[in-house]
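**Q** Structure below; questions to follow.
The values are calculated or read from the model by the stated rules, or taken from the named source; none is laboratory data. If you're wondering where the values come from, they're calculated on a predicted model, not measured in any experiment. Positions of Cβ are backbone-derived with ideal geometry, glycine not excepted, and every protein chain shown enters the neighbour counts.
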Ligand code: NAP
C-alpha cells in the first residue's frame, strides 16, 4: 500500500488525487489536507460568485472525494498542526497543492494607505473567505481604480458594477451583496501598464462587460494599434481585442462607466490617511513590448484601489522557495525526496482551472517512477494519532456534506448557497 498526502483541496489538489487513484488503483490511500474546514479552495474562494458554471467543476472533485481510498482532512494547517518533515515521515509522497492565495505587492508610494486592497482580500471578501470577512472596503466613494489587465481585474470591475438583480443565481455572500447594493461607485477605472494588444483577459470574460445592466465600458480608440495589426494576434487574443474595439461603439447613458486606461503605469497613491487619488504615468511600448514611462503623468481621483497584479504561493518553512516567482523551487513538479508540487504552487498563478489537470497526471507518473512498487509508510493512522494528540478538530468529507447542506438550506431564493463565513459557524454546522 502507498500513502500520499496532498496539501490543498483546490483544483490542483483534487486533480492530483484523481490522477494518483488512476495510477495506483486500490494500492493507494490519499489524504487531502486543507487548512479550511471546507474543500475546493479556489473554486469556493476565488472563482467569481456570478460564474457558477465555472464552479460546477467541483462535482468532478466530489466524485473523487467520495471514493473509498481518498479522504478529506479539513481544518488542519500544515506548519502549525503538523510539519512537512512529519508528513514526509508518514507518507510515501507529499504533494503541495497550496495554490497562490497571497497578493503580489504593488511596490509604489502610498500602497499601504487605507482603501488600497489586494485582489486576494477583495475577492476573498465577496466570496466569504473567513480571513477577509471584516475587510469593509470603502464603497461609499464615487470612483474606484482596478490595477491590472487580467481576468481578476475583470472579475473585480464586474462585481463592483453589478446591480443586486444581476447577482441572482450567484453565491455572493450576504455581507458583500448588501454592501455592494449600497455602493456609491459610478466610475471604475481598469488600468493596464501596456496596451490593448497586451491584455491578459479572455474573450468570454471581457465580453460580459458589454452586457451589464447599469454599467458601460469605455475605451479610447486612440489607444489601439491599426486594426490590421489584430491579424497578428493569436485567435483568442484577437477575439478579446475585438470585444475591446466594439466597446467604443456601445451607447452610453448608463449610470456607471468602466473606463479602460491603457498605457497607464501606477506611480503613487496619495491621500490624507486614506486613498484619494492615484498618480499615473503614461507609457509606451519598447521594441520588446515592455512598458516604458514617458514622463507624462496624470491623476485619477478615487476612494478605492484594488490591485489585481497577480498572486504568490505562501512559503512553507523548510521548503525551497523562489521569491521572485512566488512559487516553490521545483524541477517539473519535484521539490525533493518524496516532496512534489502542482498547480499554481508549482507554476505560479497562470492558466485556467483545467491547466491544473495535466500537472496532477504528471506528478502521479513521477511518484510512480520514484516509489515504484515500494512505499509502505504508515500513512493515515499515523496522521490521525498525531492530530488527535494535538487536539486538532479535523473536518471529514461527511462533515463537509453537513456544512454544505446547511449552506444550501439557508440560501437566498434562487441562489445555490449562502456560505458560512466564520470558521466557528462552519464547524458548528457539522452538528456534532
Ligand atoms: P494575470 O492574468 O497574470 O494578470 C496580471 C495583470 O497585472 C497583467 O495585466 C499585468 O501586466 C499586470 N501587472 C503585473 N504587475 C503589475 C504592476 N506592478 N503594475 C501594473 N500592472 C501590473 O493575473 P490575474 O488576473 O491575477 O489572473 C491569474 C490567473 O487566473 C490567470 O491565468 C487568469 O486567466 C486566471 N483567471 C481566470 C478567470 C476566468 O477564467 N474566468 C478569472 C480569474 C482569473 P503585464 O502584462 O504588463 O505584466
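**Q** Between residues in the stretch 327-353 that are at positive phi and residues that are crowded, with 23+ Cβ neighbours inside 10 Å and part of a strand (DSSP E or B), which pairs lie under 8 Å by C-beta distance while being six or more apart or on different chains?
**A** Close Cβ pairs (under 8 Å, with a partner that is crowded, with 23+ Cβ neighbours inside 10 Å and part of a strand (DSSP E or B)) amount to 333/340; 333/341; 338/93; 338/94; 348/327.
**Q** Give the residue that is farthest from residue 217 (Cα to Cα), with candidates limited to residues of the stretch 160-173 that are within 16 Å of the ligand (Cβ to nearest atom) and assigned to a loop (DSSP other than H, G, I, E, B).
**A** 171
**Q** If you don't mind, another one. Suppose we filter 145, 157 for residues that are in a helix (DSSP H, G or I), within 20 Å of residue 307 (Cα to Cα) and within 15 Å of the ligand (Cβ to nearest atom); which single one remains?
**A** The unique qualifying residue is 157.
**Q** How many residues does the stretch 40-87 contain that are within 19 Å of residue 427 (Cα to Cα) and within 15 Å of the ligand (Cβ to nearest atom)?
**A** Summing the residues that are within 19 Å of residue 427 (Cα to Cα) and within 15 Å of the ligand (Cβ to nearest atom) in the stretch 40-87 gives 3.
**Q** Say whether the condition of being in a strand (DSSP E or B) and under 30 Å from residue 263 (Cα atoms) is met by at least one residue in the stretch 320-331.
**A** So far as the stretch 320-331 goes, yes, one or more of its residues are in a strand (DSSP E or B) and under 30 Å from residue 263 (Cα atoms).
**Q** For the structure I just gave you, tell me whether residue 233 is under 30 Å from residue 294 (Cβ atoms), out of contact with any strand residue (DSSP E or B) (no Cβ under 7 Å at 6 or more places or on another chain) and in contact (Cβ under 8 Å) with a residue 24 or more places away in the chain.
**A** Criteria met by residue 233.
**Q** Restricting the search to the stretch 270-318, which residues are assigned to a loop (DSSP other than H, G, I, E, B), away from the ligand (no atom under 12 Å from the Cβ) and surrounded by 21 or more Cβ atoms within 10 Å (Cβ to Cβ)?
**A** Of everything in the stretch 270-318, those that are assigned to a loop (DSSP other than H, G, I, E, B), away from the ligand (no atom under 12 Å from the Cβ) and surrounded by 21 or more Cβ atoms within 10 Å (Cβ to Cβ) turn out to be 275, 302, 303, 313.
**Q** Scan the stretch 92-113 for residues that are out of contact with any helix residue (DSSP H, G or I) (no Cβ under 8 Å at 6 or more places or on another chain) and either touching a residue at least 12 places away in the same chain (Cβ under 8 Å) or away from the ligand (no atom under 16 Å from the Cβ) (or both) and report the count.
**A** Final tally of qualifying residues: 8.
Yes/no matrix, rows are residues, columns are (1) out of contact with any strand residue (DSSP E or B) (no Cβ under 7 Å at 6 or more places or on another chain); (2) crowded, with 16+ Cβ neighbours inside 10 Å:
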| position | (1), (2) |
| --- | --- |
| 49 | yes, yes |
| 53 | yes, no |
| 73 | no, yes |
| 97 | no, yes |
| 100 | no, yes |
| 109 | no, no |
| 112 | yes, no |
| 127 | yes, yes |
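**Q** Another question, if that's okay. Looking at residue 382, is it assigned by TED's automatic domain parsing to the domain that holds residue 95 and either crowded, with 17+ Cβ neighbours inside 10 Å or within 15 Å of residue 6 (Cα to Cα) (or both)?
**A** No.
**Q** Still on this model: Would you check which residues across the stretch 332-360 are away from the ligand (no atom under 11 Å from the Cβ), in a helix (DSSP H, G or I) and at pLDDT 95 or above and list them?
**A** 345, 346, listed by residue number.
**Q** So for the stretch 114-131 (the condition being on the phi > 0 side of the Ramachandran plot and either within 16 Å of the ligand (Cβ to nearest atom) or part of a helix (DSSP H, G or I) (or both)), does at least one residue qualify?
**A** No, the stretch 114-131 has no match at all.
**Q** Same structure, new question: Just give me the residues in the stretch 195-212 being over 23 Å from the mean Cα position of the chain (by Cα) and within 20 Å of residue 226 (Cα to Cα), in sequence order.
**A** 195, 196, 197
**Q** Moving to a separate point now. Has the stretch 8-22 got at least one residue that is under 24 Å from the mean Cα position of the chain (by Cα), modelled with pLDDT of 95 or more and farther than 14 Å from residue 356 by Cα?
**A** Within the stretch 8-22, not a single residue is under 24 Å from the mean Cα position of the chain (by Cα), modelled with pLDDT of 95 or more and farther than 14 Å from residue 356 by Cα.
**Q** Separate question: Restricting to the stretch 18-47, and then to whatever is in contact with a strand residue (DSSP E or B) (Cβ under 9 Å, 6 or more places away or on another chain) and assigned to a helix (DSSP H, G or I), can you tell me which residue is surrounded by the most Cβ atoms within 10 Å (Cβ to Cβ)?
**A** Here the answer is 20.
**Q** Among the residues of the stretch 389-411, what is the count of those that are part of a loop (DSSP other than H, G, I, E, B) and within 24 Å of residue 172 (Cα to Cα)?
**A** Summing the residues that are part of a loop (DSSP other than H, G, I, E, B) and within 24 Å of residue 172 (Cα to Cα) in the stretch 389-411 gives 2.
**Q** What number of residues within the stretch 260-269 are surrounded by fewer than 18 Cβ atoms within 10 Å (Cβ to Cβ) and within 21 Å of residue 199 (Cα to Cα)?
**A** Total satisfying the criteria: 1.
**Q** Going by the structure shown, is residue 61 part of a loop (DSSP other than H, G, I, E, B) and closer than 16 Å to residue 17 by Cα?
**A** no
**Q** With respect to residue 396, is the statement that it is modelled with pLDDT of 95 or more, under 31 Å from the mean Cα position of the chain (by Cα) and within 16 Å of residue 71 (Cβ to Cβ) true?
**A** Yes, satisfied.
**Q** What's the number of the condition residue 236 fails, among (1) buried (at least 17 other Cβ atoms within 10 Å of the Cβ); (2) not in a strand (DSSP E or B)?
**A** So the condition that residue 236 fails would be (1).
**Q** Scan the stretch 174-206 residue by residue and report those that are more than 16 Å from the ligand (Cβ to nearest atom), in contact with a strand residue (DSSP E or B) (Cβ under 7 Å, 6 or more places away or on another chain) and either at pLDDT below 95 or not in a loop (DSSP other than H, G, I, E, B) (or both).
**A** If the condition is that a residue be more than 16 Å from the ligand (Cβ to nearest atom), in contact with a strand residue (DSSP E or B) (Cβ under 7 Å, 6 or more places away or on another chain) and either at pLDDT below 95 or not in a loop (DSSP other than H, G, I, E, B) (or both), then 187 is the only one that fits.
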